[in-house]
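Here is the structure we will look at, set down as structure tokens.
The values are calculated or read from the model by the stated rules, or taken from the named source; none is laboratory data. In this text, all values refer to a predicted model and were calculated from it rather than measured experimentally. Positions of Cβ are generated from backbone atoms using ideal geometry, with glycine treated the same way; all protein chains shown enter the neighbour counts. These area figures cover heavy atoms from the full protein model, side chains too; ligands, DNA and RNA do not enter into them. Shrake-Rupley method; radii C 1.70, N 1.55, O 1.52, S 1.80 Å.
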Amino acid sequence: MVDLNTTAFTPEQTNYLNGFVSGILQGRQIPFLGQDSERRFTDDPDESVETVYGIPIDELCREEVIKHEQNGLDVFPSMLENAGKNVFPSAEDAFRYKFHGLFHVAPAQDSFMMRCRVAGGALSTGQFRGLSKIAETYGPGHTDLTTRNNLQVRELMPGDLPNVLDDVADLGLTSQGSGADNIRNVTATPTTGFDPDELLDVLPYARAMHYYILRNRDLYGLPRKFNIAFDSGGRVSACADTNDIAFYAVRAQNGEIGFRLQLCGITGHKQFATDAGIFLTLSQAIPTAAAILRVFIENGNRTNRKKSRLKYLVDDWGIPKLLQETEKKLAFPLAFTPLESCKVPTPKVKHGHLGIHNQSDGKDYIGVHVPVGRMTCRQMNDIADIADKYGRGEIRLTVWQNLIIPGVSSENVEAAAAAIIATGLDYRPHHIHSGIIACTGSRGCKYAAADTKGNAVDLAAYLSEKLELDQPLNIHLTGCHNSCAQHYIGDIGLMGSPVKNEAGETVDGYNIVLGGGVDDEQAIAREVWKSIPFTDIPALLEKLLSHYLVTREPGESFIKFSNRQPLEDLVALNS
């Protein structure tokens, strides 16, 4: 203790200072409390390590370290600073920008792509026009419809990004969390609410999930991206079985309508979602999703990006353990119910999102084909005008890179259809053109190994001139193994694979898979040909489809035909 008696303090002051100094010294001896690598509490500083959900910092993958150093939602001040200088962010901040739905897509394009969130794909015409204006003001004068009921704007410069985000917010929309390790756009049956065949309007559930995600900060920075979808039981597919969590509206044998829970769809890894053996009441869907997300956040792999999706946690645990951990976070028990206790869903109508179809309210919806999902701003404004004049002021985006105008009265259908044709788009289903889907491709994505959109347009034109099909066909072109265009679920799927031509030059090429489908046609396509130059593909697919038309059984679909063919017979067609 410091000798305070040698100083000129009164006895009262001396006692006070002795107590004060004694408190300081005792404070230095407060027992240590920390956590070890297994998240157990310890009193030994040498055993304590800094962790993220029990994983030591030095074991985290690069992206997890970036998130640990700063939450991506907090990068906005840096974004403002970079915008003021019109400079691109550091590599670390470029990852964090994705938390705001902004992707730096260099070297394909030295600019940003902004991906919206559109819950269930439902937009007002005012929102659709507003997105058109953003693309016209800051972007290339066009937008891209995606395979998640969604829309992207490309060629945005760093100096404009804060204004872009503000303009999106002014429309009542957001792009928050549409990239990086977050829950992506919540999808739904695009005809829900007016589909004559559906069991339930699922748009309120998609919106509830959407807003729950936006309002809970802890749902950002998952181990990896996460997809959620709602299927209404209607006629148009939402590809729900390709999602991490799929809620399928079903009717139990006792007549009750609820949701079947499916888990771990990830078709880029050749896996559909699996029925979890659970029947959920309607009110239990969102809480169950919230609980599963927390289990994934706490236990998902944060050391290996290739093993960090929900699928891999379930591969390690099994569905029963995942549900056990989920149930611990719920105030109600999960109802384990065999799938057979629910009635078989109504089969989907392939390409039912295109053309003129009746609604449950006596009106019609018109599905509009948008080639490879790309729309000019003029077309967007024209479609909004048509939806206002003849529809109900609403536009629905599909997971097939197309859109729907609902609420058209029968007396207005002909005029609306003519107006659509006048935009340069079409509503009439075409069994080849209508089923072409393509990711962004090498013109706008650094991962893509081929110009998928350009190749898709050329392929559709060639096949349409050479063939006439009497059944719908889906052809999916994706630029890389990430499979944004979901090539494994196409009747015909192409994945970019660069090849050398005779001159030794690298040219666009593809691996080709056959026989994929979703829902009641569920199948992962088989790889048949590898590294085929694109210049050879139109003639090869013409030969394949001609063979199908000549040798199929009466009324047989391409998916059934291709999947009953011996693989060697299909391979031999390219000889």
Right, Gly407: surrounded by fewer than 22 Cβ atoms within 10 Å (Cβ to Cβ) and small (Gly, Ala, Ser) or not? yes
All conditions in (1) surrounded by fewer than 21 Cβ atoms within 10 Å (Cβ to Cβ); (2) assigned to a helix (DSSP H, G or I) are true of Gln176 except (2)
Return only the number of the condition from (1) over 25 Å from Tyr212 (Cα atoms); (2) open to solvent by less than 10 Å² (accessible area, probe 1.4 Å); (3) not in a strand (DSSP E or B) that Gly159 does not satisfy. (2)
Condition first: part of a helix (DSSP H, G or I) and farther than 20 Å from Gly352 by Cβ. Now tell me which residues in segment 373-385 satisfy that. Cys377, Arg378, Gln379, Met380, Asn381, Asp382, Ala384, Asp385
Give segment 32-66 a look and list any residue that's assigned to a loop (DSSP other than H, G, I, E, B), under 26 Å from Asp181 (Cβ atoms) and open to solvent by 100 Å² or more (accessible area, probe 1.4 Å), or say none. Glu38, Arg39, Glu50
Which of the residues that make up segment 376-393 are out of contact with any Pro (no Cβ under 9 Å at 6 or more places or on another chain), closer than 20 Å to Thr191 by Cβ and either crowded, with 19+ Cβ neighbours inside 10 Å or among the aliphatic types (A, V, I, L, M) (or both)? Ile383, Ala384, Ile386, Tyr390
Can you pull out the residues in segment 253-265 that are open to solvent by less than 10 Å² (accessible area, probe 1.4 Å) and of a type in the set (A, V, I, L, M, F, W, C)? Phe259, Leu261, Leu263, Cys264
Within segment 338-345, identify whether any single residue is without any contact (Cβ under 8 Å) to a residue 12 or more places away in the chain, of a type in the set (Lys, Arg) and open to solvent by 60 Å² or more (accessible area, probe 1.4 Å), and answer yes or no. no
Test each condition in (1) out of contact with any Lys or Arg (no Cβ under 6 Å at 6 or more places or on another chain); (2) over 30 Å from Glu136 (Cα atoms) for Pro223 and report the one that comes out false. (1)
Just checking, which of Leu151, Leu165 is surrounded by fewer than 24 Cβ atoms within 10 Å (Cβ to Cβ) and either in contact (Cβ under 8 Å) with a residue 60 or more places away in the chain or under 24 Å from Gly391 (Cα atoms) (or both)? Leu165
Tally the residues that are open to solvent by 10 Å² or more (accessible area, probe 1.4 Å) and farther than 18 Å from Thr192 by Cβ, restricting the search to segment 351-371. 3
Which residues, counting only those in segment 318-334, are crowded, with 19+ Cβ neighbours inside 10 Å and either touching an Asp or Glu at 6+ places or on another chain (Cβ under 7 Å) or outside any helix (DSSP H, G or I) (or both)? Leu334
Give me a count of the residues in segment 402-433 that are under 21 Å from Arg374 (Cβ atoms) and either basic (Lys, Arg) or modelled with pLDDT of 95 or more (or both). 14
Scan segment 271-300 residue by residue and report those that are under 20 Å from the mean Cα position of the chain (by Cα) and either among the hydroxyl-bearing types (Ser, Thr, Tyr) or farther than 27 Å from Val202 by Cα (or both). Thr274, Thr288, Gly300
Go through the residues of segment 231-241 one by one and say whether even a single one is among the basic types (Lys, Arg), within 18 Å of the chain's Cα centre (by Cα) and surrounded by fewer than 24 Cβ atoms within 10 Å (Cβ to Cβ). no
How many residues are assigned to a helix (DSSP H, G or I) and either at pLDDT below 95 or open to solvent by 10 Å² or more (accessible area, probe 1.4 Å) (or both) if we restrict to segment 70-93? 14
Top-ranked residue in segment 199-215 [being in a loop (DSSP other than H, G, I, E, B) and touching a residue at least 60 places away in the same chain (Cβ under 8 Å); ranked as farthest from Leu73 (Cα to Cα)]: Leu200
Can you confirm whether segment 244-263 contains a residue that is over 15 Å from the mean Cα position of the chain (by Cα) and at pLDDT below 95? yes
Checked against (1) more than 29 Å from His142 (Cβ to Cβ); (2) surrounded by fewer than 23 Cβ atoms within 10 Å (Cβ to Cβ), Pro472 satisfies every condition except (1)
